[in-house]
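Visitor: Shown below is the structure under consideration.
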Amino acid sequence: QVQLVESGGGLVQAGGSLRLSCAASGSIFSIRAMGWYRQGPGKQRELVAVITNGGSTDYADSVKGRFTISRDNAKNTMYLQMNSLKPEDTAAYYCNTVIAYGSTWRPLNIWGQGTQVTVSS
């Protein structure tokens with residue numbers, strides 16, 4: 001199991017930016033695809049962005065053009081740069097290692113505590 005610690009959330013006005021970080025323990029970080037998920041109030045957890053160990057990325061339609069996922073394998077850290085934030089981006093954000101499953105991705109590890117992002121209008 002990989003231990004995951006998310007940070008960087010906060011309160012921001014609509015149109016603002018935040019950068020989330022995901023620190024992972026364990027040497028397998030560099031060989032795993034990683035993903036950012038979010039869970040808004042009363043909603044199911046959804047996959048927001050994925051980055052493979054080779055650096056290929058994929059995004060949910062709702063965040064394309066606004067969010068950028070990246071990783072630093074030397075630091076065992078993944079990032080999510082969020083620009084042009086909207087109130088509907090308000091959610092707890094979580095990271096996880098993921099594995100390809102058909103046309104989507106499945107999380108592999110126990111969830112961390114997440115980091116709360118609140119966007120005010």
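The values are calculated or read from the model by the stated rules, or taken from the named source; none is laboratory data. Small disclaimer: the values here were computed from a predicted structure and weren't measured. Cβ: placed from backbone, ideal geometry, glycine included. Neighbour counts: every protein chain shown. The protein model used for the area step is the full one, side chains on, heavy atoms only, and it has no ligands, DNA or RNA in it. Shrake-Rupley method; radii C 1.70, N 1.55, O 1.52, S 1.80 Å.
Visitor: Just give me the residues in segment 69-121 being farther than 24 Å from Ser25 by Cβ, of a type in the set (Val, Ile, Thr) and open to solvent by 60 Å² or more (accessible area, probe 1.4 Å), in sequence order.
Guide: Selection gives Thr104 alone.
Visitor: Mind listing whichever residues of segment 32-43 are part of a strand (DSSP E or B) and open to solvent by less than 30 Å² (accessible area, probe 1.4 Å)?
Guide: Ala33, Met34, Gly35, Trp36, Tyr37, Arg38
Visitor: Here's something else I'd like to know. Any idea which of Gln113, Gln81 is outside any strand (DSSP E or B) and either over 19 Å from Val5 (Cα atoms) or touching a Phe, Trp or Tyr at 6+ places or on another chain (Cβ under 9 Å) (or both)?
Guide: Of the residues listed, the single one that is outside any strand (DSSP E or B) and either over 19 Å from Val5 (Cα atoms) or touching a Phe, Trp or Tyr at 6+ places or on another chain (Cβ under 9 Å) (or both) is Gln113.
Visitor: Looking only at segment 44-61, how many residues end up being small (Gly, Ala, Ser) and out of contact with any strand residue (DSSP E or B) (no Cβ under 8 Å at 6 or more places or on another chain)?
Guide: Looking only at that region, the number is 2.
Visitor: Let me spell it out: the conditions are (1) in a strand (DSSP E or B); (2) within 19 Å of Thr118 (Cα to Cα); (3) hydrophobic (A, V, I, L, M, F, W, C), and Val63 meets all of them except one. Which number is the exception?
Guide: (1)
Visitor: From the set of residues in segment 15-31 that are over 14 Å from Trp111 (Cβ atoms) and touching a Leu at 6+ places or on another chain (Cβ under 6 Å), which is surrounded by the fewest Cβ atoms within 10 Å (Cβ to Cβ)?
Guide: Residue satisfying both the conditions and the ranking: Gly16.
Visitor: Next question, about the same structure. Report the residue count in segment 44-59 for those that are of a type in the set (S, T, N, Q) and open to solvent by less than 40 Å² (accessible area, probe 1.4 Å).
Guide: Of the residues in segment 44-59, 1 are of a type in the set (S, T, N, Q) and open to solvent by less than 40 Å² (accessible area, probe 1.4 Å).
Visitor: Could you give every pair whose Cβ atoms fall below 8 Å, whose first residue belongs to segment 88-110 and is acidic (Asp, Glu) and part of a strand (DSSP E or B), and whose second residue is modelled with pLDDT under 95 and open to solvent by less than 70 Å² (accessible area, probe 1.4 Å), counting only separations of at least 6 or pairs across chains?
Guide: The qualifying pairs do not exist here.
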